[in-house]
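This report refers to the structure that appears directly beneath it.
Read the figures in this text as sums done on the coordinates, not as results from a lab. Not measured: the values here are computed from a predicted model. So basically every Cβ, Gly included, is an ideal-geometry build from the backbone, and we count neighbours across all protein chains shown.
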Amino acid sequence: MPDPKKLIIVLGAHRSGTSLCAAALEFLGAELCLAAQYSNEENRKGFFEHPDIVDFNDRLLSYLGGAWDNPLFDGPVAVAKADLTQWQLEACKLIAAIFNNVQVAAIKDPRLCQLLDFWLPVFARCGYQGRDIFIVQVLRDPVEVALSQQHRAKANPAFYEIGRYLVEGASLWLSLTAQALEQTRELNNYFVTYQDLLSSPERVLENLAGFLQLEPDRQRLHDFCEGFVDSSLHRSTADPQATELVARQFPQVLDFSETLQRLGSNEVSTGPAIIRALEVYRKSATQRALCRAVMPALSRLSDKSRKDRLAVEQSADVILDLERQVKEHSSVIVPLRTQNSQLENGIEELQRQRDAQRAELVRLSSALKVSCDDVIGLENIVGAMEASTSWKLTRPIRRLRSIQLRMIEQAQKGAARFRLRSIFIYHRMSVRHPRFAWISRRALRPFFRLMNIVLPGQRQFAYQTGHDGLLNPMIYQQLEPTSHFAPLISIIVPNYNHAAYLPLRLDSIFSQTYPNFEVILLDDASSDGSVSILAQYHQAHPENSTLVTNEKNSGGVFHQWEKGFKLARGDIIWIAESDDWCTENF
């Protein structure tokens, strides 16, 4: 039949040496089941306590109204009054998950001094019988414990409040040690002093192994005694001045400690000794002294809590303002991110264009080289041609041809200037003497047509005139600033069999720089294809054009005008006849 599972529980107040005792148990063969060893300046070699159990105990203490550093909290009384069924179920799952099939398990957490009455039924449900549960209690001079607690309270004042003064640390030691004794009077107790663990580790571990019925590995036992235990573990030593201060402020602590001295030998019946120690703790004078010692710390905690609450309330306004700023920044950042994304896309597109241009540049360079080679070849051909006899013999003929071309060009330029001046004079005359201008135009039209036949190519010189101001607009044609005034212009385009003129007329209308206009396209039953041209322009400009066609001729242009007037919505109406066209700004 296999040996039953064993459970070793290390009890002792904070800073009393429970971490060193738990480390010793691990060297003796017990398993703490720690995934990783946590250490800091307070315990440089580690705490040797399972973080999940510590977290559970902190939550349970908070639920019961206590805390690990509250000397006035009576754990056994609070556990007895509370319904902890759900907590026990959770604790059972926790122990099963941590230790599972471990043969010799060990648990260390000073909070067990306050909560052992809760855990004992849990251990029983997990399969640990009373005879297989071993209690190892660590005893240490309360003045040394108080000095150690004071040291870490000064090193980390944001976390520690109890212990800033020696009497507070001594009160915490007294409360936790007394509660541990009260809950373990009928159990398998073994007492270890911190001083003996430091000074005679080999002897203490031999006796402890005998109590636990363990057979330790001699080499591991030697490694612990020689390599793990050293003087750095004893940094707080009681001095006469500190002892005298505790004796003056809380003498019952030293009385309680003196009563426990005989327990460290483990050679006397622990029951009566524990009873005598608890009698000291239960005295009304001791309880009053405990309250007096802890009261300043509670007052500090009250003040600090009040200040913290006020700070939280004040911070709420700051948080609201910061949240508002975050929203404002987000409203700026989101468009900037979008713009940045667009710029990145633009950069990628530019990079693609650059690569394409580089490829095109390479191609053009190659083409340029080929062209240069061709030019050189042509220059050689020209040079050979100019050196030939035929080129020299035909030089007079080329000279005469050059003179002829210059004369023709001069004639064309003169005719173009004459034509522009005629147009200019005609426009001026049409304002002053419209009848005479019309008769002159009819009379001179054959002459201009003959000039176009004799001297073709005048159009290329049409605007190369030597007379400045010839094409400058007259006063009534000049643009005037209109500010924001932009009236709608209705352009009526009546048409009957003028398909040849429609494209030029409509292109000039729809290419206006002035945007606010509408075009009313009217066809009076044309038979020359005008309707299809008008329909093309209407489809190209549906937003500002209207097309109306007659199945039967109306009998006169004025009927078309009247129809256009009825359809027009503009402030200004222009009737664009078949021979009308306009500049880009009307």
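For every other residue with a beta carbon closer than 12 angstrom to the beta carbon of Tyr281, add +1 if it is Lys or Arg and -1 if Asp or Glu, then tell me the sum.
Counting the neighbours of Tyr281, the net charge comes to -1.
Peptide packing: for 196-207, 550-561, the average count of neighbouring Cβ atoms within 10 Å per residue gives the ranking 196-207, 550-561, highest mean first. Annotation: amide H of Phe48 within the under-5 Å range of Tyr38, sequence separation 5 or more or interchain, hydrogens built in the peptide plane. Taking label points 7 Å from Cα along the Cα-to-Cβ direction, Gln241 and Val334 give a separation of 6.6 nm. Remark on Asn188: its backbone amide H falls under 5 Å from those of Ile135, a criterion applied only to residues 5 or more positions apart or on other chains, H modelled at 1.01 Å from N.
For the pairs Lys81/Lys304; Lys369/Lys392; Lys5/Lys108; Lys6/Lys108, note any where the Cα-Cα span goes beyond 26 Å. Numbers along the way, then the final one.
On the way: Lys81/Lys304 30 Å; Lys369/Lys392 33 Å; Lys5/Lys108 17 Å; Lys6/Lys108 14 Å.
Over 26 Å apart, Cα to Cα: Lys81/Lys304; Lys369/Lys392.
Mean separation of Cα pairs under 8 Å and 6 or more residues apart, divided by the residue count, gives the chain a relative contact order of 11 percent.
In the range 263-406, the alpha-carbon atoms span a convex hull of 389 Å³ per residue.
Taking a ≥ b ≥ c as the square roots of the eigenvalues of the alpha carbon gyration tensor, the range 1-148 is oblate, as a/c is not under 1.5 and a/b does not beat b/c. Computed over the range 115-270, the quotient of the alpha carbon radius of gyration and 2.2 N^0.38 Å is 1.16.
The trypsin sites (Lys or Arg not before Pro) found in the range 303-365 include none that occupy coil by DSSP while having at most 14 further C-beta atoms within 10 Å.
Could you calculate the contour length gain from Asn100 to Asp255, that is, 0.36 nm times the residue separation minus the distance between their Cα atoms, to one decimal place in nm? The partial results should precede the final answer.
Working: separation 155, 0.36 × 155 = 55.80 nm, distance 4.26 nm.
Roughly 51.5 nm would be gained on extension.
For the peptides 75-84, 131-140, 5-14, residues were scored by their other Cβ atoms within 10 Å and the scores averaged per peptide; the highest-first order is 5-14, 131-140, 75-84. Across the range 59-66, computed HN-Hα scalar couplings (Karplus, 6.51 cos²θ - 1.76 cosθ + 1.60, θ = phi - 60°) run 5, 5, 4, 4, 5, 7, x, x Hz from first to last residue, x flagging Gly and Pro.
How would you classify the range 6-282 from its alpha-carbon gyration tensor, with a ≥ b ≥ c the square roots of the eigenvalues: rounded for a/c under 1.5, else prolate if a/b is greater than b/c, otherwise oblate? Don't skip to the answer; put the middle values down first.
On the way: a/c = 1.35, a/b = 1.11, b/c = 1.21.
Note, shape of the range 6-282 comes out rounded.
If you put +1 on each Lys and Arg Cβ and -1 on each Asp and Glu Cβ, how big is the dipole of the range 488-575 around its Cα centre, in Debye rounded to 20? Show your work: numbers first, answer last.
Details: 5 positive and 9 negative charges, 22 e Å.
Using only the charged Cβ atoms, the result is roughly 100 debye.
Normalised by the number of residues in the range 394-461, the mean separation of alpha-carbon contacts (under 8 Å, six or more apart) gives a relative contact order of 47 percent. The Asn156 and Arg300 beta-carbon pair, evaluated with R₀ = 22 Å, returns a calculated FRET efficiency of approximately 0.90. The mean sequence distance of close C-alpha pairs (under 8 Å, at least 6 residues apart), as a share of the length of the range 488-575, puts its relative contact order at 45 percent. Charge tally for Gly555 (other residues, Cβ to Cβ under 15 Å; Lys, Arg +1; Asp, Glu -1): -2. Farthest toward the positive end of the dipole of the chain, out of Gly17, Gly346, Leu310, is the Cα of Gly346, where the dipole comes from beta carbon charges about the Cα centre. Between the residues Leu208, Ile274, Val122, the greatest Cα displacement towards the positive end of the dipole of the range 6-282, with unit charges on the Cβ of Lys, Arg, Asp and Glu, is found for Val122.
Peptides 242-252, 566-576, ordered by how many other C-beta atoms sit within 10 Å of their residues on average, highest first, read 242-252, 566-576. Just so you know, the Cα atoms of the chain work out to an Rg and Dmax of 55.9, 152 Å.
Can you tell me how the range 505-573 classifies by the Cα gyration tensor, rounded, prolate or oblate, using a/c under 1.5 as the rounded cut? Numbers along the way, then the final one.
Working: a/c = 2.23, a/b = 1.30, b/c = 1.72.
Here the range 505-573 falls in the oblate category.
Could you check the simple spin-label distance between Asp217 and Leu567, using points 7 Å along Cα→Cβ, in nm with one decimal? Rounded to a tenth, the inter-label distance reads 10.7 nm. Calculated FRET efficiency, Gln342 to Arg309, Cβ-Cβ distance, R0 = 51 Å: about 0.55 to the nearest 0.05. Cα centroids of the range 359-431 and the range 505-563: 44 Å apart. Other residues whose C-beta falls under 15 angstrom from the C-beta of Pro71 contribute a net charge of +2, scoring Lys and Arg +1 and Asp and Glu -1. With the cut-off at under 16 Å, measuring from each backbone N in the range 498-524 to a point 7 Å along the Cα-to-Cβ line of Ala540 picks out 499-513, 519-521. For the chain, what does -39500 (n - 2.57) per DSSP helix run (n ≥ 4), summed and divided by total residues, give at 222 nm, in deg cm²/dmol to the nearest 500? Roughly -20000 deg cm²/dmol at 222 nm, from the helical runs in the chain.
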